[in-house]
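For reference, the structure is listed below as structure tokens.
Every read-out reported here was derived from the displayed coordinates using simple, explicitly stated rules and does not represent laboratory data. Fair warning: this is a prediction, and the values are worked out from it, not measured in the lab. So basically every Cβ, Gly included, is an ideal-geometry build from the backbone, and we count neighbours across all protein chains shown.
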């Protein structure tokens, strides 16, 4: 089994290197991308609980296969496999483009598997960083102006996130004097600097997960990537951030309940804000990206509950939720690509499948969403003080919001014309991949539920009471959707929401600064002239350097400023909380 | 062979080629190349043998009386070996690179003569067992690098060389009174792990503080600590192999190594902390780090950007030894090696791009990655390592500095690491992005159907880039820079403790 664990990382990693070095179009490579996730899937299903230390690797690597790791392996393995099946049809296998896509696609898988199996902080961070940086070529793959812009903003957020996470890890490790993830999580609460460490970890992983406030890159980057990449980005890669929260945030001791409360508030706010902003989108993939922001908010709520109550069941529930959402989101993203490329007769069937995945995310009865959301509500209602009843009242409405959001998606998809057909070779695998994902969406979360995730108690499938409590938000959502589509014109918010307004504010700030500077320059012109002459060429060179620097900074700072403002605001919120 | 001969042999393997090559007529290219390469290869072998010997606990020392009371001491220990191994290894790759880079140039006997003399001085600095010996070789280094900096011989080169000389001589002249003062105050002292000035510091704290300040000022010029960094960007007029050497191994590294020796082996970390010398030094390093990074972002020229990046990166070494925590010291020491590997790779690649495509500016690099995938691949690895992406070299450094800082109660250190990662990303990643993802205005022409630079410029970069990955991935393996640095830090803190 040790060999299988190593292969789960090594197979995709060596595939990535092979694809990188292969200079010619390699049809075989693109056709068999799905094979790379087989070891991870086998390990998830067959592997016994496992601990593995490789002292000479890195700063002493440790791997372990526990229940969370198993859930993440299953999730990553399935999502990459089904997305890999669609690559020949949706990216192309006969050109250099396909090969260029293969390498980062496999590298992100290797990183995600490594992060899932990691039992020590440094190994986890290595996997995390591999996912972050390898995802960049996926985002800019199309090479269009839009993709390059999205890539730039993605990278700015990612670098900030990595740096914040590193600072958090360093503080946490120094405070607890351990690098093992399990001991770190249980000892952090009482360690010196725990508040700062937990804040940094919450934000650092939050950037990757798409937490509200640091989510702005996500609705730009996920739609910019080719469809299979969007599926892994939204289905599985943001879950690496979620895994970071679950592994690193303290789950023992009441000292850090404040962090948990902030997580719950930001999470619930994100669930609604994501749905609202998403409903205003005109592009199917942007809408789905906002849906991810919304759903990750629900998972963040579970993280908050885990931090406050220290129930192991909350961690397991978040794992279950991640599998449920990842599969459904993969279906929806791939379905956008499939619907674009099929004939009219099949389109109806495809849209029916999309509708099923949408109902799943909304939590309709009998779907995996019913399981995930019931578990969430059960845990939330047990919280102390006013939190239990408040969440009890609020959470069902997220189902209504999701119904509205995804109903709008179907509306967009129905009214879209299809773009053309694909070569028949890729088509069979494309449909196969999408249908596999659809089938797993229906069954996998129920199947692994209590068996793999100890501490989770799933609802009884035939319990009509649960049907009703899960069903009415969907009905209300459908009603709202009808009203909205019939009477209200929708406002349109550009993807990236806050980022755009920050950019505008930044631009006007720059104008003010420039006017001020011009005035100052005019006033001090004489003096400056004299100084410049005195300094000779050096002065002129400095001015030129200044101009160049402005040019560079103009490209880098808009998103950076926005992020920093939000980070400061969040930290302030945490200190108060 | 007597053990005392080995340190001398380390010096001789470059001193002898230096003298012979300088005497060679310009036309004897084959002899010149053979001799230089032979010296470089045999030095690497020699240092490898010393590594094994020292790991077994053997001591190699050569010393002789110059004046009564004044000894030349060359001693091989753990800390010197860290520096020697890096220098010997990178010298070999840089020799290969320089032979390829300057192929067809004029005045090569002069160049390679001083090139070898420069490595002689560096080896001497590494081996120096006391401040006097250190100073002798330190000045020799200044003298022997000047002809390399002005190699092109035009007005710009001469101006750059003048600036270099002005800074270096001033710095050196501050060191001399510091050495004399120390000699008067405490008599002849050798470097020793954990420091030798504990007693003297207790008796005469003010004078020893003064000496420390003079030493740091003198060494700080070569180590490019702000405000002594001014010569570094101007010395960029040198041919690229020389820049690589200046930035990774020889000059700036000699300054940083000097500061490490003063803190760890002369004063000792505990004594320096008691005198209150470390917080100002840490503040100086932090300021240099931020200043260098911000200036690097402002440069469009590839080499100037790398030059300011050196200013920033090198301050990690000073920062590490000034945090008074064993873990942070490990981070500083290991960065002596890591910074060298990363920066030498970046310079090799910058030189290769300039030679092959004639590109000297970041803004002209669009599409270079497609044209020279291996070169830019090496550049990308080294660049990501500098940002601190795990598991590459720079991450190992930042991890230890950050953890060490928190352990020493210096909560601002992780924040500084955060800031440094962001700033480094801001000056490295645009280069990487342009090279790989931007379309060039006109497609780069291939040369004879070849897509890469000639092998003598490509292979050194590939070798050092591999090392950048290896020192991170195998950080905990025996004989890795990290393990060796941990050994040094352990001794420095064990023997300094009361």
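Values computed for the structure shown
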{"item": "Segment A:215-343: mean projected area of Cα convex hull, nm²", "result": "7.7"}
{"item": "Protection proxy ranking, peptides B:441-454, B:137-150, A:79-92, average beta carbon neighbours within 10 Å, highest first", "result": "A:79-92, B:137-150, B:441-454"}
{"item": "Shape of segment A:338-439, Cα gyration tensor, a/c cut at 1.5", "result": "prolate"}
{"item": "Scattering profile of segment B:373-470 at q = 0.13, 0.19 Å⁻¹ [log10 I(q)/I(0), Debye over alpha-carbon scatterers]", "result": "-0.58, -0.96"}
{"item": "Residue B:29-residue B:490 pseudo-label distance in nm [points 7 Å out on the Cα-to-Cβ vector]", "result": "5.0"}
{"item": "Tail fraction, Cα-Cα pairs, the protein assembly as shown, threshold 59 Å, whole percent", "result": "15"}
{"item": "Degrees, to the nearest 10: B:393-407 long Cα axis against longest axis of chain B", "result": "30"}
{"item": "Gain upon complete extension [residue B:184, residue B:52; 0.36 nm per residue less C-alpha separation]", "result": "43.7 nm"}
{"item": "Förster-model FRET efficiency, 22 Å R0, residue B:466 and residue A:21, C-beta, rounded to 0.05", "result": "0.95"}
{"item": "Cα-based convex hull, segment A:433-474, per residue volume (Å³, whole number)", "result": "97"}
{"item": "Convex hull volume per residue in cubic angstrom - Cα atoms of segment B:1-141", "result": "107"}
{"item": "Per-pair calculated FRET efficiency, R0 = 30 Å: residue A:56 and residue B:198 via Cβ, rounded to 0.05", "result": "0.20"}
{"item": "Gain in span if fully extended, residue B:106 to residue B:446, counting 0.36 nm per residue against the direct Cα distance", "result": "119.7 nm"}
{"item": "Nearest 10 degrees, 0 to 90: helix B:326-357 Cα axis against chain B principal axis", "result": "20"}
{"item": "Average silhouette area of chain B, convex hull of alpha-carbon atoms, in square nanometres", "result": "22.0"}
{"item": "Crossing angle, helix B:205-222 versus chain B [Cα axis fit, 0-90 degrees, rounded to tens]", "result": "10"}
{"item": "Residues in segment B:224-245 reached by a label modelled at residue B:456 [backbone nitrogen below 20 Å; 7 Å Cα→Cβ]", "result": "B:238-245"}
{"item": "Inter-probe distance in nm under a simple model that places probes 7 Å from Cα toward Cβ, at residue B:283 and residue A:472", "result": "6.5"}
{"item": "P(r), alpha carbons of segment A:214-255 - 5 Å bins starting at zero, rounded %", "result": "6, 20, 20, 19, 12, 9, 7, 4, 3"}
{"item": "Using a Förster distance of 22 Å, the FRET efficiency for residue A:463-residue A:392 (Cβ separation, nearest 0.05)", "result": "0.80"}
{"item": "Cα gyration tensor shape for segment B:228-309, rounded if a/c is under 1.5, else prolate or oblate", "result": "oblate"}
{"item": "Shielding by partners, peptide B:425-433 (average Cβ within 10 angstrom, other chains)", "result": "4"}
{"item": "Label point distance in nm, residue A:485-residue B:294, each placed 7 Å from Cα along Cα→Cβ", "result": "5.6"}
